[in-house]
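Inspection log for the structure reproduced underneath, given as structure tokens.
The values are calculated or read from the model by the stated rules, or taken from the named source; none is laboratory data. Here the structure is a predicted model, which means the values were calculated and not measured. Neighbour counts run over all protein chains shown; Cβ positions are idealised from the backbone, glycine included.
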Amino acid sequence: MQMVGSLSIDMIIMDIELPGLDGYETTMLFREALCDHWVPIIFVTGNSSDESVLKAIDAGGDDYLVKPVSQTLLQAKIIAMQRIADMQANLHELNRKLSEQSETDPLTGLSNRRYFNLRAVDQFETARRMALSVAIMMMDIDQFKVYNDNYGHLQGDSCLQQVSRVLKSVVRRTTDLVARFGGEEFIIMLQDCDAKGAQMIADEIMAAIDQAAIPHEYSAVSDHVTLSIGVCVIVPDRNLVELQDCIKIADEQLYKAKNRGRAQAVIEQSNKMKTTLIVSREPETIKSIGKVLNSKSIIITSSDQEECNEIITQVHPDIVICDIRPETGIVPDDLSLLMAPDRQSDFIVVELSSGAQKSYPDQNSLLSDSHMLSI
Ligand SMILES: Nc1nc2c(ncn2[C@@H]2O[C@H](COP(=O)(O)OP(=O)(O)OP(=O)(O)O)[C@@H](O)[C@H]2O)c(=O)[nH]1
């Protein structure tokens with residue numbers, strides 16, 4: 001059994017009665033040890049009963065020969081089995097290549113978006129369990145349209161390949177993910193990386209791109225290719241924060257980097273993500289309030305009194321926004337709970353119909369970085 005586990009075996013010839021061993025059982029054990037690696041097993045035995053043939057094939061045998069077996073017959077069987085084994089090996093290799101191709105972007109050789117999403121979700125959940133900080137970086141080649149228009153698409157492709165090589169050379173940890181997100185956009189996920197680390201990696205990437213000095217004489221930013229980078233750093237310790245929220249935040253920072261003149265990184269530390277509960281019986285109201293909340297907030301909505309009480313006691317949102325108009329409003333039963341000194345939530349009561357909003361308690365501290373009162 002040890003040999004089967006450690007040696008590379010091409011074929012097994014098996015007897016049924018072995019000293020101290022049962023050939024059927026041994027075959028079953030071999031099959032278990034070999035898992036999905038197929039090795040032909042041929043029974044060669046003196047037992048010619050049909051039951052024995054069935055038992056042997058059932059146990060995992062591939063062929064059954066009754067002794068005495070002629071040299072020629074055994075040789076013919078071995079050739080046939082070898083042919084099947086070769087086909088199996090080819091199929092295995094083909095599957096491996098296909099699976100690699102389905103995970104890789106053919107132009108750059110980086111992981112593709114599909115593979116990134118699969119792996120990143122796993123990494124994100126690991127970070128959540130271990131309370132690790134993760135950094136999501138979205139990056140985009142500056143003025144790449146002008147590059148393509150002037151240097152041509154082939155040169156554009158080559159530029160994407162060079163940028164990919166630079167990214168790969170900077171991001172080296174086995175847990176880190178680098179992928180082509182689409183077009184001239186790349187994404188990186190750094191596990192166990194805080195804002196300081198993310199800033200360092202972003203600086204390294206930009207320095208390495210500077211050093212690569214890929215000429216871009218049509219760029220308004222520099223005489224060579226530059227990148228804009230948007231970063232979201234987060235400790236995903238709350239159940240409600242999802243990877244997609246962080247990608248969205250990183251994308252918003254990338255947008256800011258572009259607006260601030262490109263060739264720079266903008267980092268957002270988002271572990272202070274707020275959970276906001278919006279309560280109204282009117283979907284339009286929920287929608288319009290949701291729209292003005294910025295992406296720092298995770299939004300939960302409810303249009304049901306009981307559900308709303310449950311969310312407040314179980315999720316402990318940071319902010320509760322209640323529509324209190326008689327026809328569409330809901331006020332949570334347990335306002336006293338929200339008002340308690342150790343309360344988890346601040347809350348605002350929004351009187352939408354009058355145009356003038358009443359709010360309490362301590363709306364100023366709550367709304368210092370938002371514009372909810374202008375609803
Ligand atoms: N050569 C090549 N070009 C691509 C590929 N994928 C996307 N692009 C080009 O990337 C360009 C993206 O341009 P835009 O999104 O307008 O942005 P930009 O010109 O980089 O401008 P900023 O991002 O604002 O700096 C388009 O011209 C696309 O055709 C690709 O695989 N190969």
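ALA127 meets each of the listed conditions (1) away from the ligand (no atom under 11 Å from the Cβ); (2) part of a strand (DSSP E or B); (3) aliphatic (A, V, I, L, M) apart from (2). Name the single residue that is modelled with the lowest pLDDT among those in region 46-76 being touching a strand residue (DSSP E or B) at 6+ places or on another chain (Cβ under 8 Å) and of a type in the set (D, E, K, R). For region 46-76, the residue satisfying everything is LYS67. Here THR328, THR301, THR276 are screened, and the one residue that is at pLDDT 70 or above and in a loop (DSSP other than H, G, I, E, B) is THR328. Considering TYR151, TYR147, the condition of being near the ligand (Cβ under 8 Å from one of its atoms), touching a Cys at 6+ places or on another chain (Cβ under 8 Å) and farther than 21 Å from LYS256 by Cβ is satisfied by TYR147 alone. The lone criterion from (1) closer than 30 Å to GLY156 by Cβ; (2) hydrophobic (A, V, I, L, M, F, W, C); (3) in contact (Cβ under 8 Å) with a residue 40 or more places away in the chain left unmet by VAL241 is number (1). Among the candidates LEU118, LEU154, single out the residue that is within 22 Å of ILE247 (Cα to Cα), out of contact with any Gly (no Cβ under 6 Å at 6 or more places or on another chain) and in the same structural domain as ASP192 (by TED's automatic domain parsing). Answer to the check: LEU118. Applying the set (1) surrounded by fewer than 16 Cβ atoms within 10 Å (Cβ to Cβ); (2) under 17 Å from CYS246 (Cα atoms); (3) of a type in the set (A, V, I, L, M); (4) without any contact (Cβ under 8 Å) to a residue 60 or more places away in the chain to MET130 leaves exactly one unmet item: (2). Taking the numbered list (1) more than 20 Å from VAL121 (Cβ to Cβ); (2) away from the ligand (no atom under 16 Å from the Cβ); (3) touching a residue at least 60 places away in the same chain (Cβ under 8 Å) in turn, MET200 passes all entries but (3). Looking across region 157-191 at every residue that is out of contact with any strand residue (DSSP E or B) (no Cβ under 8 Å at 6 or more places or on another chain) and charged (D, E, K, R), the one that is farthest from the ligand (Cβ to nearest atom) is identified as ARG172.
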